[in-house]
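Novice: Below you will find the structure I want to go over with you.
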Amino acid sequence: LFNVPKKIARIRGQSYRDAAWANLFSRYNMPIDVIISPELEVARDITNRLVVPGTTNDVPLADGRLHLIGLVCEEDCPLLNTAMKQYGLLFPDLSFTVLAIFRGSEHITPEIDTQVQIGDEVHLLV
């Protein structure tokens, strides 16, 4: 269809997800590669937050083998006031990388001496 390599459709009506409509989105009718349902995405997001409480987001990557997790550091956060180069010593059983820190409206690119402060929103690859 129009030589578009990947076709993504946003489908709100859950009835179109029923097996009775499975042929509608086949390659011979309406060739859609990925169907996004806003209601299902919201439900998944809520479920992910219940699984990892305290997170601002949890985005599964690589078929769920990796997760991009956001969290707001409060007073009891174990990452506070510690240089990132020491995280491996403090958490030897955890494998994670700090990708970004948001401090108010400021975006901070983490470096080995960067320290997380109370209220920072930290995004980790776990």
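Throughout, read-outs are computed from the coordinates displayed, never taken from laboratory work. All values reported here derive from a predicted model rather than from experimental measurement. Heads up, the Cβs are rebuilt from the backbone with ideal geometry, glycines too, and the neighbour counts pull from every protein chain shown.
Novice: Per-residue HN-Hα couplings for the stretch 5-20, Karplus 6.51 cos²θ - 1.76 cosθ + 1.60 at θ = phi - 60°, whole Hz, x for Gly and Pro?
Specialist: Once θ is set to phi - 60°, the couplings for the stretch 5-20 become x, 9, 10, 10, 10, 9, 10, 7, x, 5, 4, 6, 8, 5, 4, 4 Hz.
Novice: Here is a follow-up. Projected area of the stretch 55-120, taken from the Cα convex hull and averaged over every viewing direction, in nm²? If you can, show how the numbers build up before the last one.
Specialist: On the way: hull surface 19.2 nm².
Averaging across all directions leaves 4.8 nm² for the Cα convex hull.
Novice: Shifting gears a bit: May I ask you to list the residues of the stretch 73-107 whose amide nitrogen lies under 20 Å from a point 7 Å from Cα along the Cα→beta-carbon direction of Asn57?
Specialist: Only 73-74, 96-107 pass the distance filter.
Novice: Could you please rank Met30, Met84, placing first whichever residue has the fewest other Cβ atoms within 10 Å of its Cβ?
Specialist: Values: Met30 12, Met84 17.
Ranked by crowding around the Cβ, least crowded first: Met30, Met84.
Novice: Take the Cα atoms of the chain, build their convex hull, and give its volume per residue in Å³. Could you put the intermediate results ahead of the total?
Specialist: Numbers: hull volume 20.5 nm³, N = 126.
Each residue corresponds to 163 Å³ of Cα convex hull volume.
Novice: Could I ask something else about it? With each run of n ≥ 4 DSSP H residues scored as -39500 (n - 2.57), what mean residue ellipticity at 222 nm is computed for the chain after dividing by its residue count and rounding to the nearest 500 deg cm²/dmol? Show your work: numbers first, answer last.
Specialist: Details: 2 runs with 18 residues, N = 126.
One gets -4000 deg cm²/dmol as the mean residue ellipticity at 222 nm.
Novice: While we're here: Just need the relative contact order of the stretch 54-125 here, percent rounded to a whole number, with Cα pairs under 8 Å and 6+ apart. Numbers along the way, then the final one.
Specialist: Numbers: 125 pairs, mean separation 26.9, N = 72.
Relative contact order of the stretch 54-125: 37 percent.
Novice: Another question, then. When DSSP beta bridges are limited to those with both residues in the stretch 54-125, what percentage is antiparallel, rounded to the nearest 5? Mind showing how you got there, number by number?
Specialist: Numbers: 20 of 21 bridges.
Antiparallel bridges: around 95 percent, rounded to the nearest 5.
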